[in-house]
Amino acid sequence: MLKATEKIWRNGEFIAWDDAKIHVLSHVVSYGSSVFEGIRCYETVSGPAVFRLREHVRRMVDSAKIYRMDTFQYTREELESAMLELVAVNKLKSCYIRPIVLRGFGEMGVNGTKNPIDLYIACWEWGKYLGDAALSDGVDVCVSSWNRIAPNTLPALSKAGANYMNSQLMKMEAVANGYAEGIALDKSGYVSEGSGENIFVVRDGKIVTPPLGTSVLPGITRDSVLTLANHLGIPTVEQIIPRELLYIADEVFFSGTAAEITPIRSVDRITVGKGRRGPITEQIQREFFAIVNGTKPDQFNWLTPVPVREAVAQ
Ligand code: PMP
């Protein structure tokens, strides 16, 4: 169960957590018309800071535009400030931030363009998504029997709530069969992504990830991994990945805001590499956590400090 915080932001105002309710006939409930983000605020050595806030807000506005839902009055800068303020108001040191744009209550029927667009931002404390041991030991995953949403069905570049019906099918099947996560293939049968993570394969010292256009979300952690790898001098390539490359890879890992950088130790019960976190995964993890913990300089300008709200004692 989520641990409640004091406030949720709704359409420009801070309201009580318990008041953040919607009508059952809101357009989103029947028709899935929402887009959202998942953002982490880390407790760094110099205070709470939000990871890649600008990029997340930009992706949310992009997601809304794809669905003609970007008719709200807030600028990206205002949304960024609202998120920072919310974390400060709730006095959280580290948390997960969930902004949601949805079509609300009004008309009924598939065309929701006359319904109001409501914006909510919530945040709460959240631990490790795939379990505490996952980051060091790795997880066991399967290739899903469900394919990823195909191009021209649901657009993968939009982080829409509706996409997560596909993710849920993948995740529930994986868990029911004893796996931590499922990896979907795209409509052509090539590797796409996990239910909530992008995927990377390492072979012969090179990092490979599926390109946009294989029904992947343009992950912000994915971009961070590619940036860190380039910085570390590890070659990277965005390339179509056949399923069986997962089995013969030296290392495989997930990236995502919730999953961070999680090693994969087996796929379909076939051991990946040595069956534990590999050296390149570990190197990327080390750089990533050093930046988000604030122990290494934020050289890519990824962190936005949360303003301190407490009055300074005189
Ligand atoms: N793919 C899917 C389907 C996701 O839900 C997520 C999580 N937002 C990701 C990839 C990773 O994206 P990010 O690194 O931006 O969190």
TODO: With r as the distance between the Cβ atoms of ASP132 and ASP204 and R0 = 30 Å, compute the FRET efficiency 1/(1 + (r/R0)^6) and round to 0.05.
DONE: 0.45
Open item on the list: Please return the longest range in the chain lying between exposed loop sites, taking GluC sites (Glu not before Pro), DSSP loop only, at most 15 other beta-carbon atoms within 10 Å, and leaving the sites out.
Closed with: 126-309
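With a ≥ b ≥ c the root eigenvalues of the C-alpha gyration tensor of the range 89-223, is it rounded (a/c under 1.5), prolate (a/b larger than b/c) or oblate?
Numbers: a/c = 1.92, a/b = 1.29, b/c = 1.48.
Here the range 89-223 falls in the oblate category.
Of LYS206, LYS187, which has the most accessible area and how do the rest follow, probe 1.4 Å?
Working: LYS206 85, LYS187 135 Å².
Putting LYS206, LYS187 in descending order of accessible area: LYS187, LYS206.
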Open item on the list: I'd like the orientation of helix 279-292 relative to the chain: the angle between its Cα long axis and the longest Cα principal axis, in ° from 0 to 90, rounded to 10.
Closed with: 20 degrees
- [ ] May I ask for the angle, rounded to the nearest 10°, between helix 53-66 and the longest principal axis of the chain, with both axes built from Cα atoms and the value confined to 0 to 90°?
- [x] 80 degrees
Open item on the list: Largest first, please: the extent of the C-alpha atoms of the chain along each principal axis, to the nearest Å.
Closed with: 58, 52, 32
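Suppose every K and R has +1 on its Cβ and every D and E has -1 on its Cβ; what is the size of the dipole of the range 134-277 about the Cα centre, in Debye to the nearest 20? All intermediate terms of the calculation are to be shown ahead of the outcome.
On the way: 13 positive and 15 negative charges, 9 e Å.
I would put it at about 40 debye.
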- [ ] Kindly give the semi-axes, whole Å and largest first, of the ellipsoid equivalent to the range 7-126, taking each as the square root of 5 times a Cα gyration tensor eigenvalue.
- [x] 27, 15, 11
TODO: For GLY112, enumerate residues with amide H under 5 Å from its amide H, sequence gap 5+ or separate chain, H modeled in the peptide plane.
DONE: none
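In the range 241-274, what trypsin sites (Lys or Arg not before Pro) fall in a loop by DSSP, with at most 15 other Cβ atoms inside 10 Å? List each step's numbers first, then the result.
On the way: sites: ARG243, ARG265, ARG269, LYS274; in loops: ARG269, LYS274.
Answer by residue number: ARG269, LYS274.
How much net charge surrounds THR214 when only other residues with a Cβ under 13 Å from its Cβ are counted (Lys, Arg +1; Asp, Glu -1)? Walk me through the numbers on the way to the answer.
Working: positive: ARG148, LYS187, ARG222, ARG243; negative: ASP186, GLU193, GLU238.
So the environment of THR214 carries a net charge of +1.
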- [ ] Only Lys, Arg, Asp and Glu count, each charged at its Cβ (+1, +1, -1, -1), so figure out the dipole size of the chain about its Cα centre, rounded to 20 debye.
- [x] 200 debye
Task: Restraint check, LYS128/LYS171; LYS93/LYS171; LYS65/LYS159; LYS206/LYS296; LYS65/LYS187, Cα-Cα greater than 19 Å - done: LYS93/LYS171; LYS206/LYS296; LYS65/LYS187
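Over the chain, what percent of the accessible surface lies on carbon and sulfur atoms, probe 1.4 Å? Present the calculation step by step, with values, prior to reporting the outcome.
Details: 7660 of 14770 Å².
Answer for the chain: carbon and sulfur cover 52 percent of the accessible area.
Considering only protein heavy atoms, with the full assembly of protein chains and a 1.4 angstrom probe, order ASP132, ASP250 by accessible area, largest first.
Working: ASP132 130, ASP250 70 Å².
Of ASP132, ASP250, the descending order of accessible area is ASP132, ASP250.
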Task: Rounded to 10°, Cα long-axis angle of helix 220-232 versus longest principal axis of the chain - done: 50 degrees
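The values are calculated or read from the model by the stated rules, or taken from the named source; none is laboratory data. Computed from a predicted structure; not experimentally measured. Please note: Cβ atoms are built from the backbone with ideal geometry, for glycine as well, and neighbour counts cover all protein chains shown. Side chains are part of the model used for accessible areas, which takes the heavy atoms of the whole protein and leaves out ligands, DNA and RNA. Shrake-Rupley method; radii C 1.70, N 1.55, O 1.52, S 1.80 Å.
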